[in-house]
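Data first, discussion second: the structure below is written as structure tokens.
The values are calculated or read from the model by the stated rules, or taken from the named source; none is laboratory data. Note that the coordinates shown come from a computational prediction; the quantities given were computed from them, not determined experimentally. Cβ sites come from the backbone with ideal geometry, for glycine too, and all protein chains shown count toward neighbours. Side chains are part of the model used for accessible areas, which takes the heavy atoms of the whole protein and leaves out ligands, DNA and RNA. Shrake-Rupley method; radii C 1.70, N 1.55, O 1.52, S 1.80 Å.
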Amino acid sequence: MTANGWAQVLLFLGAVLLVTKPIGLYLTRVFDRRRTWLDPIARPVERLLYRLTRVDETHEMRWTEYGAAMLLFSLVSLVVLYAILRLQARQPWGNPQALGALPPFLAFNTAVSFTTNTNWQAYGGESTVSHLTQMAGLAYHNFVSAAVGIALAVAFVRGIARRESQTIGNFWVDLTRAWLWVLLPLCLAGALVLVSQGVVQNLRPYDRALLVDPQTVTTTDGDGRKTTGMVTGQVIAQGPVASQEIIKELGTNGGGFFNANSAHPFENPTPLTNFLEMIAIFALAAGLVYMLGEMTGSRRHGWMVWAAMAFLFLAGVTTTYWAESRGNPLLTADQHSAAGAPGGNMEGKEVRFGIPGSVLFATVTTDASCGAVNAMHDSFTPLGGMVPLVNIMLGEVIFGGVGAGLYGMLVFVILAVFIAGLMVGRTPEYLGKKIEAYDVQMSMLAVLVFPLTVLLLTGISAVSPSFGTPAISNPGPHGLSQVLYAFVSGAGNNGSAFGGLGANTPWYNTAIGIAMLAGRFLFIIPMLAVAGNLAGKKRVPPSPGTFPVTTPLFAALLVSVILIVGALTFFPALSLGPILEHLMMGAGRSFGG
Amino acid sequence: MGNAMLDAIMLAATLLFFAAALAYVAGCDRLR
């Protein structure tokens, strides 16, 4: 570990801290429907959209109507994307490489993936989807799935803030304002910054470069037949990358234009873009936490939630940084850093980002539900790779996905307050609202769906020699980690790939698709039920038995609840995967081939 | 199995999931 590396970590957290308040204040104004500097442009567009779609912007919805609108919108978006993917070969424009239709299982997986803000990619971007599909199918979903997340978080915060109200807002209005006031302007500015750094933005066919030094290459096809040939050129994929890259991070989507994702020099060319992309991943989530404090009238509570998130972020990045800098004890070569040599475990990492830029990115992308990657998580050391896995297992509430991070965290807040109430023997209260049996039942329904989905599907895959285990590329505990990571990433709507798992099969495409649907929607529904129930309650004044949610003690309790619920649920699975692999590595045993 | 059949199965499964999710909304509301 180097001073330069730590400086990058602290500079990053400082930058997130700096943007938290301005973004939070802006979000509060947008969703409280107060005047903003964008109104002269955005308001006429908004009015026109409501007129065209016959939306009554003054109509307030109960949580059930809000949830139903969200589900129907997601269903239609999903089916449209499925059709785009299946009909890709017939696109009249925007398919210069004449790429064919995606097969049904892959199209299903991809359509679910982008609808649920997961962006798990069982396909290779540049070799599978056309420019038109990238823009009209995938980038569209990057915007709207993020906007849905923001809308849901705002609805939850309204549920806490409102008193004796049956409603939590209007889904269509929140959705529209999220993309029109927040995502679109930020992405326009961000894409231009990325272009200035070398991220490409064009609609050209792919270039072909001749190799200065042609290579003889032997490849093996699916049936094991070997073919040897001379490679004289390289195809260099082009496309509208910058416009997709910025929403990929800002909307915590994570689906790369290229298969190599943010490790590709056209997506993430410089250390500066790496830094900015990481800030983009956390920016809106951090702002939403500030918005929580503003809307509920308790800024200190917002900051305490922020502090709990920051603590967990630092714990994760410290562990990964330590593990990757330490390197692999089974290698006899000198792995210390020196001038011109980064040291540690550099396998699967980009030289231009080094260990700090890679571990920071890996931590950030899994703290949030982003899933963009700039390094191969599969090549991390066992403990270094376990941190991204654990981050997703904790529910991606460490700043988290746009909106999803906040509403996920608020479910944990309800549980923390409930546990505190049990400890002092009083009815638990949260910001003046009594937390009752229904709130806790719904919170537990939300929390349980994730481990149930992950453990069931991982278990089936790990013991199925016909369709589960053949996709695993590593023997031993690392192989289990590959399968576990795939389902954790899917159900957690993260979308990052550990790598190494050949997941483009009918079973994995379908099972991960189901995991993504369950992880997204079966969490959201009980969460909205809590929001609706809270909105209808009276606000009671604080009493001596009230557990204050504005103190460091609350932040510490919140962290404890997240760790106990999240980490302990998965501890048995982790102990069979990365923990066992780490212990065996320490004992001098590896599982390679 | 042909692709058209698979398309129909995928679509039916998706509709079924969302119908179940809508029923889940109603169920959670009734629990209150």
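A dipole drawn for region A:1-96 from +1 and -1 charges on Cβ atoms has a positive end, and of A:28, A:96, A:80 the residue lying farthest that way is A:96.
Sites listed here are chymotrypsin sites (Phe, Trp or Tyr not before Pro) in region A:448-501 whose DSSP assignment is loop and whose Cβ has at most 16 other Cβ atoms within 10 Å: A:467.
Using just its DSSP H runs of length 4 or more, each adding -39500 (n - 2.57), chain A gives a mean residue ellipticity at 222 nm of -19000 deg cm²/dmol after division by all residues. Annotation: residue A:423 carries an accessible surface of approximately 130 Å², with a 1.4 Å probe and no ligand, DNA or RNA atoms counted.
Which of the listed residues, A:485, A:262, A:185, is farthest toward the dipole's positive end in chain A, when Lys, Arg count +1 and Asp, Glu count -1 at the beta-carbon? Of A:485, A:262, A:185, it is A:185.
Going by a ≥ b ≥ c, the root eigenvalues of the Cα gyration tensor, does region A:71-195 fall in the rounded group (a/c under 1.5), the prolate group (a/b larger than b/c) or the oblate group?
On the way: a/c = 2.90, a/b = 1.82, b/c = 1.59.
It comes out prolate by the Cα gyration axes.
On a C-alpha basis, how far is the centre of region A:418-467 from the centre of region A:245-318 in Å? Whole number, if you could? Value for the Cα centre distance between the two parts: 25 Å.
Derived scalar couplings between HN and Hα for region A:325-332 equal 6, 5, x, 10, x, 7, 8, 8 Hz in order, rounded to whole Hz, by the Karplus curve 6.51 cos²θ - 1.76 cosθ + 1.60 (θ = phi - 60°), x for Gly and Pro.
In the assembled protein chains, residue A:223 presents an accessible area of approximately 120 Å² (probe radius 1.4 Å). Could you tell me how many degrees, from 0 to 90 and to the nearest 10, lie between the Cα long axis of helix A:241-250 and the main elongation axis, the longest principal axis, of the Cα atoms of chain A? Computed tilt is about 40 degrees. Here each label is just a point 7 Å from Cα along the line to Cβ, and for residue A:347 and residue A:328 those points are 0.2 nm apart. For region A:506-554, a decrease in accessible area of 40 Å² or greater in the assembled protein chains relative to the isolated chain, with a 1.4 Å probe, applies to A:517, A:522, A:525. Scaling the Cα radius of gyration of the protein assembly as shown by the globular reference 2.2 N^0.38 Å produces a ratio of 0.94. Here the accessible area of the protein assembly as shown is 66 percent carbon and sulfur, with a 1.4 angstrom probe and all protein chains present. The residues A:85, A:383, sorted by heavy-atom accessible surface at 1.4 Å with ligands and nucleic acids left out, run A:383, A:85 from largest to smallest. Extension gain, residue B:20 to residue B:4: 0.36 nm times the residue separation minus the Cα-Cα distance gives 3.3 nm.
How large is the Kirkwood hydrodynamic radius of region A:389-498, counting all unique pairs of alpha carbons, in Å? Kirkwood hydrodynamic radius for region A:389-498: 15.8 Å. In the context of the full set of protein chains, region A:311-420 has a per residue accessible area of 28 Å² (1.4 Å probe).
Candidate cross-link partners of residue A:433 among the lysines, defined by an alpha-carbon separation under 26 Å and a same-chain spacing of 8 or more, comprise A:21, A:537, A:538.
Ignoring ligands, DNA and RNA, how much accessible area is buried between chains A and B, both sides summed, with a 1.4 Å probe, to the nearest 100 Å²?
Answer for the A-B pair: about 2200 Å² buried.
Ordering A:343, A:372, A:332 by Cα displacement along the dipole of region A:310-465 toward the positive end leaves A:372 in first place; charges were set at the Cβ atoms of Lys, Arg (+1) and Asp, Glu (-1).
Protein-only accessible surface at a 1.4 angstrom probe places the residues A:590, A:243 in the order A:590, A:243, largest first.
Taken as Cα centroids, region A:325-356 and region A:23-50 sit 48 Å apart, rounded to the nearest whole angstrom.
Could you work out the Rg to Rh ratio of region A:153-231, with Rh taken as the Kirkwood radius (inverse of the mean 1/r over all Cα pairs)?
Working: Rg = 26.1 Å, Rh = 18.9 Å.
When Rh is taken as the Kirkwood radius, the ratio is 1.38.
Extending 7 Å from Cα along the Cβ direction at residue A:422 and again at residue A:575 yields two label points whose distance is 2.2 nm. Only Lys, Arg, Asp and Glu carry charge here, each on its Cβ (+1 for the first two, -1 for the last two); on that basis the protein assembly as shown has a dipole of about 1600 debye about its Cα centre.
Set the Förster distance to 45 Å, then compute FRET efficiency between residue A:80 and residue A:437 from the Cβ-Cβ distance, nearest 0.05.
So the FRET efficiency works out to roughly 0.65.
About the centre of its Cα atoms, region A:187-282 shows a dipole size close to 160 debye [charges on the beta carbon of Lys, Arg (+1) and Asp, Glu (-1) only; nearest 20 debye]. Peptides A:406-418, B:12-24, A:47-59, A:554-566 ranked from most to least packed give A:406-418, A:554-566, B:12-24, A:47-59, packing being the mean of other C-beta atoms within 10 angstrom over each peptide's residues.
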